[in-house]
Amino acid sequence: MLVLRVHHLLCTGLFSGHGYSPEYTEHLTRVIATFKNHEYISLTTNCDTVCSVCPKRKHDGTDFICADDDNYVHIKDTLLLEPLGLEEGKPYKVSELKKILDTKLTKEVFDKSCSNCPWYKQGYCTFEDWKNPLN
């Protein structure tokens, strides 16, 4: 089963080849390609397989965390759980997650979650692009 940070449900649909490093970009490309091989995804608010090669990941003495802005990524993940009606650690069918995102992810939820993200700030990600990926 694939384990993903909650916000990576949004990022993976918008990924366009930009990354922190060529290694990270290549790794994320591979992770996204494996989605079709997984029937279930378990959600986490901590580092996941995508984070494993991220240069911003650091060990805090207990676990790996994002070194950006006092671990704002963990907060971002936590804030997405309630409006999307998701539970950390629960296995979800990929098709079920797609339906949940299609019905519960609003522009307001997207913008609130993503507003501190450098990719969002640089214009790589918008709700409209996420909702209509062929635009």
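So that you can scan it fast, the table gives a plain yes or no per residue for (1) among the hydrophobic types (A, V, I, L, M, F, W, C); (2) within 20 Å of Cys117 (Cβ to Cβ):
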site: Leu4; (1), (2): yes, yes
site: Thr25; (1), (2): no, yes
site: Thr49; (1), (2): no, yes
site: Gly61; (1), (2): no, no
site: Tyr72; (1), (2): no, yes
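Scanning the range 121-131 for residues that are without any contact (Cβ under 8 Å) to a residue 40 or more places away in the chain and open to solvent by 60 Å² or more (accessible area, probe 1.4 Å) yields a total of 4.
Scan the range 1-52 for residues that are among the charged types (D, E, K, R) and touching a residue at least 24 places away in the same chain (Cβ under 8 Å) and the total you get is 4. A single entry from Ile32, Ile65 fulfils the requirement of being touching a His at 6+ places or on another chain (Cβ under 9 Å) and open to solvent by 20 Å² or more (accessible area, probe 1.4 Å): Ile65.
For (1) assigned to a loop (DSSP other than H, G, I, E, B); (2) at pLDDT below 85; (3) surrounded by 18 or more Cβ atoms within 10 Å (Cβ to Cβ), each residue gets a yes or a no:
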{"position": "Leu10", "(1), (2), (3)": "no, no, yes"}
{"position": "Gly13", "(1), (2), (3)": "no, yes, no"}
{"position": "Gly19", "(1), (2), (3)": "yes, yes, yes"}
{"position": "Leu28", "(1), (2), (3)": "no, no, yes"}
{"position": "Leu43", "(1), (2), (3)": "no, no, yes"}
{"position": "Cys51", "(1), (2), (3)": "no, yes, yes"}
{"position": "Pro55", "(1), (2), (3)": "yes, yes, no"}
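Kindly check whether there is at least one residue in the range 58-77 that is touching a strand residue (DSSP E or B) at 6+ places or on another chain (Cβ under 7 Å) and on the phi > 0 side of the Ramachandran plot. Yes, the range 58-77 contains at least one residue that is touching a strand residue (DSSP E or B) at 6+ places or on another chain (Cβ under 7 Å) and on the phi > 0 side of the Ramachandran plot. Could you please tell me which pairs satisfy a Cβ distance under 8 Å, a separation of 6+ or placement on different chains, a first residue in the range 80-104 that is at positive phi, and a second residue that is of a type outside the set (Val, Ile, Thr)? Listed by first residue and then by second, the contacts come to Gly85/Lys104; Gly89/Ser42; Gly89/Leu43. Filtered by the rule that a residue be assigned to a helix (DSSP H, G or I), polar (S, T, N, Q) and either open to solvent by 50 Å² or more (accessible area, probe 1.4 Å) or over 12 Å from His7 (Cα atoms) (or both), the range 68-113 gives Asn71, Thr78, Ser95, Thr103.
The values are calculated or read from the model by the stated rules, or taken from the named source; none is laboratory data. All values derive from a computational prediction rather than experimental measurement. As a convention, Cβ positions derive from the backbone with ideal geometry for all residues, glycine included, and neighbour counts pool all protein chains shown. All accessible areas refer to the heavy atoms of the entire protein, side chains included, with ligands and DNA or RNA removed. Shrake-Rupley method; radii C 1.70, N 1.55, O 1.52, S 1.80 Å.
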